Amino acid sequence: MEDYKFLFKVVLVGNAGVGKTCLVRRFTQGLFPPGQGATIGVDFMIKTVEVDGEKVKLQIWDTAGQERFRSITQSYYRSAHALILVYDISCQPTFDCLPDWLREIEEYANNKVLRILVGNKTDREDREIPRHIGDDFAQRHGMYFLETSAKEAENVERLFMEIAVELMEQAKCKELPKYDGSLGPINGKTTSVSDSSCCLRS
Amino acid sequence: MSLSLLLEKYDVSTEEGLEKALNEIEKEEEEVEEALSNVLSRACAIEGRLRTTSLAYARLADVRSDAQAAGDMVQRTADLARDSRVAECQQRVHDLIDLQLCSAGVEAAIRGHDYETGAAHVARFLAMDPGSVAAARARGAADPREAMNRAAQTLRDNLVKKFEEAAKKDDEASVERLFKLFPQIGRADEGVDLLARYLAKHVESSIRRNCTIANPSAEGAVFADALTRLLEAGGAVVERARTLAAGAAPARLSRALAIIQPVICGNARRLSSEMRTTRGLSAASADPRRAQYPPEPRTLEPTLDELALMHSRIYLYFAFLRRKAETDASSLEEPAKTKAVVTVHKIIAESDLMRTAQDLLGHYLTLERYFLEESVSKALKMATPQPGVTCSSLVDDVYFIARKCIRRGLSTGSVDGACAVLNEAATQLEREVAAALRRWVRSAPSDPLPLPLPPGTPANAPLDLPALPAATATLLGQRLNRDVEAQKALFLAHMSEADAGAEWAERLAAEACADAEPLFRASPAASAEGERAKFQSCAAGLAAAATAFRTAHDLALAGLCAALKPRAAAWADAIASPTVEDENEAGDALPAALDELAASAHAELPSRAADALLVSVVADITTRAEGRLLLHVYDREGGLAVERRTRRLAAWAGGGAGGARERCARLTQAASLLALERLAHVPDALRPTPRLAVHEVKDILARSGESEDGIGIEIGPRTGIDEIEDEKRVQYQDGDIPVLDINDIPLLIGTHHETPPMSVRVAQNWFKRFQSGDFDVKDEPRSGRPVTEKVNAILENVGQDRHISFYDIAEELRINHKNFSTLFKKDFATTERSAYARTVITRLIITQFEECAAFKMTWHLNTAVWETILGPCGKRDKFSNVKFP
């Protein structure tokens, strides 16, 4: 195996054209590819970062935003450790769709998943969603919030690094009091995915 | 003639002879003289000639230099001639001649419908240097360009007209003949367009003929078949366009494809929407879970297979196009080649057929997920434990389902699709199957594996039957017995299943990765590696499922060990008993009992689990026996008997369960201490390494009747003893709570009591309810039982922080308090009674508290009550972040 201590899966979701692929490219390759075509299905990138001197491997799943790929992308929600929900600050409809996305996340993702709301394209002049609106929305739904620009490389590194730090803390907390989580699902949504799958250790 | 010869010939001695000789000599002299004069005269002539020659030579040198000059001049002229495009002029002369011919010829050819000739003329004209034409004009000739252009235009119009006529008549030969002329008149692109349009129309009609579903509701994959025919026709027509164009107008596949492709796309879309309507997959009710009447999963299989097949056909078609694009562009130079290939890829990516494929895949995946979920839940339903069922094929069934789905996912030809199916399968295995197994194995039945009790122990009746007529009681007993047996068998079956599940989940992942290799090979080389990594990462989801199965298995193992605890405890009692029994008979009892356990464990369980179980049971016996040693007083005989028994156990552990031998060392040493004749031998008893701490040694020695005065003895400094002291703590510690499990209940409730207040079964049910997270003592289904109120009363007392004595609780629940005190004798002395009583009763209730709190269960106790309850546990930190309702 490669030399890393933690492996986390990060899944990006959000409407088509909000810049998910650009965010991932900017983070993993340092590029901003203009004229990026629509993502087909799911793309898969890996970047290893270092947090507190420990190697953390981030497996980033960049999903297609278009409706017809939904059944492919939905299958990735469950194994995600972090879900990044992206909208375009210069495009009201992408913000209006957020509740739908949250419903989808509720339905398919593990309920303990780390959720981050990201308003992308801060470089654009024609902002439609003020920052505080996004912030409010995130707070109301218990999400982290960040505004980014993949084009200007603003906050992109920070976004992924904070996710890595947060997930690592979670993983470490889980290590300490290891009580038996043998109780099965109590209602439909709660699952006992936790201890086994949450961090695949190398 | 030489003189000597002459002298010999003639006799010079004689006069006559001399005379003759003289004559002879004279004659010769004359001859010589004559010859000489001859030569002299010739010399004169030669001299004259030489003079002439030298004269001529001088003249020749002049000629040579002249010739040189002339040659240079010719050379220069030639060079000059080349520079001044003499050749071009010649060409131009030819051109001019041809031009005349062409402009005259083309019209004649058109008039004569000889398009080949006409086209050849135009081709000739187009190949001409524009300069020639200009030159011709300059020389005053009529401008031929206009005439030629006009002629070419007419020719084109005629060709187009002819082509269309031929196309209408479906005259393939003419079509091909006419198509070849277009490149000649410089309109290759137009020709390709026309050809492609013709072919598109052609294929359209043939598709309409061949690929219409006459009977959509027919059995079999009619739509997939139709789509296959459609794509085959499409592939054939593209290939035809390519081969036709390759000769005349090479590398124009993308142009032809742009025209032909929409026809195929349109028909494929028509087919796919027809299929969706027929198969009940309209977009609105794409998710069968939301349908009014959810379909039976099994009936979906043909549709699923068909969808996967259709999708894979489309992928094959695209692969074919990509391959043809490569071939088509192979004649081009590098940048143009890449461009041509990229254009084709772009047409593919943007084609409606691609979207159709994606839609099909979307439908397929939605349906496949439904199929997987429903099939798994059906398998779960069938496998849900029922009375009398002894075996379970859940993992078999689910493995079969998952494998089928994954293979079908792979058969779509799409890595993304296969990945999604893998993800879903892993979810189902982990979330449903492993979780169900975990639920089922959480509470082990009592006596799941035979471990005979020590001889002379009264066997507890497992259930107390009400007084019934003898016959009914026997019958009932039999039935109950059968159910209990079935329950045991099922538990063991589930445990083995959990083990198999882990293995099979991993096998599924490995199989999937192997089966997916052809997909990676088919995908473009640049992305193959990424696709493989993606797929393998999804397959790793199955490894997570395997972990979940292992957890279930470990849980079952723990349950099994716990269930054997009462019997282990009985054996511990037997080992520690100070009575001396008949050596041979009793000595063999424990190894025999353990042998029986080992045999059935190995028969019923995977060998790894069986070994772990045996080690754990032996460890349990030894730990308990060690605790029991402190409850008795031993005389010498008794001590020896204990030692004998422990050695037997150790010997068995050495042979029967490898890992358990180590566990016996402490007990063996303790027993040796009891059997000591003299205190001086204490160090010998602790060989080879002392496992007991100093104070433990003292405690044990205090139990030996004959060495009561030995409490103060010095064992002497022993290396390692103090370190061991910290590690090897006895089970109970101050402030800690003894962990109860269901098998401790009979001990808590007085089974030896003449009139038990609450049957073991009732207590166990209570315990189970608490364990499963149901703490609602007020809403007990069969309410009205006195015990409910009593527990409430106790809890109320606890809530008011009254000091309840141990006897109070025992009194309240009418529990045999003697049992309490024996069980917790050691701690009882050091712990405050009321606190202990609280601990015990609370522990009964909150054994599984952690999980319940974690899952935010609500129950009807107020915070104060919980605070009180948790206070003495000394474990508040563990719950500090739990909010009480």
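For a quick check of understanding: with a 1.4 angstrom probe and all protein chains in place, what accessible area in square angstrom does B:LEU360 have, to the nearest ten?
0 Å²
Summing +1 for each Lys or Arg and -1 for each Asp or Glu, what net charge is found among the other residues whose Cβ lies under 13 Å from the Cβ of B:VAL263?
Local charge sum for B:VAL263: +3.
Each label point is 7 Å from the Cα along the Cα-to-Cβ direction; what then is the distance between the points at A:THR28 and B:ARG407, in nm?
3.2 nm
Relative contact order, percent, of chain A when contacts are C-alpha pairs under 8 Å separated by at least 6 residues?
25 percent
Can you list the residues in the stretch B:349-377 whose accessible area drops by at least 50 Å² when all protein chains are present, compared with the chain alone? Use a 1.4 Å probe, heavy atoms only.
Those are B:GLN358, B:ARG369, which lose 50 Å² or more relative to the chain on its own.
Would you list B:LEU367, B:LEU5 from the most to the least accessible area, probe 1.4 Å?
The ranking, largest first, comes out as B:LEU5, B:LEU367.
With 24 Å as the limit, write out which pairs from B:LYS488/B:LYS565; A:LYS20/A:LYS47; A:LYS9/B:LYS346; A:LYS20/B:LYS339; B:LYS162/B:LYS201 have Cα-Cα distances beyond it, or answer none.
In this structure, A:LYS9/B:LYS346; A:LYS20/B:LYS339 exceed 24 Å between Cα atoms.
Highest first, please rank the peptides B:63-74, B:690-701 by the mean number of other Cβ atoms sitting within 10 Å of their residues.
With the highest mean Cβ count within 10 Å placed first, the list reads B:690-701, B:63-74.
In the calculated pair distance distribution of the stretch B:588-702, what percentage of Cα-Cα distances lie above 19 Å?
Across the stretch B:588-702, Cα pairs with separations above 19 Å total 46 percent.
Could you work out Rg/(2.2 N^0.38 Å) for the stretch B:17-105, with Rg from alpha carbons only?
Its radius of gyration relative to the 2.2 N^0.38 Å reference: 2.97.
How much net charge surrounds A:SER149 when only the other residues with a Cβ under 14 Å from the Cβ of A:SER149 are counted, with Lys and Arg +1 and Asp and Glu -1?
Computed value for this residue: +1.
I want to check the label-to-label distance for B:VAL580 and B:GLN91. Put each point 7 Å from Cα in the C-beta direction and report it in nm to one decimal.
Going from the B:VAL580 label point to the B:GLN91 one covers 13.0 nm.
With a 1.4 Å probe and all protein chains kept in place, how much accessible area does B:ARG636 have, in Å² rounded to the nearest 10?
Near enough 60 Å² of accessible area.
What part of the accessible area of chain A, given as a whole %, is carbon or sulfur when the probe is 1.4 angstrom?
Result for chain A: 49 percent of the exposed heavy-atom area is carbon or sulfur.
Counting only other chains, what is the mean number of Cβ atoms within 10 angstrom of the Cβ of each residue in peptide A:78-86?
2
In whole Å, what three semi-axes, largest first, describe the equivalent ellipsoid of the stretch A:6-201 built from its Cα gyration tensor (square root of 5 times each eigenvalue)?
In descending order the semi-axes read 27, 19, 16 Å.
Would you mind getting the Kirkwood hydrodynamic radius of the stretch B:143-212 from its Cα pairs, rounded to one decimal in Å?
This gives a value of 13.0 Å.
Add +1 for every Lys or Arg and -1 for every Asp or Glu among the other residues with Cβ under 13 Å from the Cβ of B:GLY530, and state the total.
Once all neighbours under 13 Å are counted, the net charge is -3.
What is the calculated FRET efficiency for B:ALA81 to B:ALA104, with r their C-beta to C-beta distance and R₀ = 25 Å, to the nearest 0.05?
After rounding to 0.05, the efficiency reads 0.20.
How many partner chain Cβ atoms sit within 10 Å of a residue's Cβ in peptide B:419-429, on average, as a whole number?
Counting other chains' Cβ atoms within 10 Å and averaging over B:419-429 gives 4.
Convert 25 °C to kelvin, take the viscosity as 0.890 mPa s, use the Kirkwood radius over C-alpha pairs of the stretch B:40-80 as Rh, and evaluate the Stokes-Einstein diffusion coefficient in µm²/s, rounded to a whole number.
Rounded to a whole number, D works out at 196 µm²/s.
I'd like the accessible area for B:SER330: 1.4 Å probe, protein heavy atoms, all chains in place, Å² to the nearest 10.
Using a 1.4 Å probe on the heavy atoms, I get roughly 70 Å².
Viscosity 1.002 mPa s, temperature 20 °C: Stokes-Einstein D of the stretch B:484-523 from its Kirkwood Cα radius, in µm² per second?
174 µm²/s
Hey, what number do you get for chain A at 222 nm if only DSSP H runs of n ≥ 4 count, each worth -39500 (n - 2.57), divided across all residues, to the nearest 500?
Dividing the helical sum by the residues of chain A leaves -10000 deg cm²/dmol.
The values are calculated or read from the model by the stated rules, or taken from the named source; none is laboratory data. Fair warning: this is a prediction, and the values are worked out from it, not measured in the lab. So basically every Cβ, Gly included, is an ideal-geometry build from the backbone, and we count neighbours across all protein chains shown. What goes into the accessible areas is simple: the full protein's heavy atoms, side chains included, and nothing from ligands, DNA or RNA. Shrake-Rupley method; radii C 1.70, N 1.55, O 1.52, S 1.80 Å.
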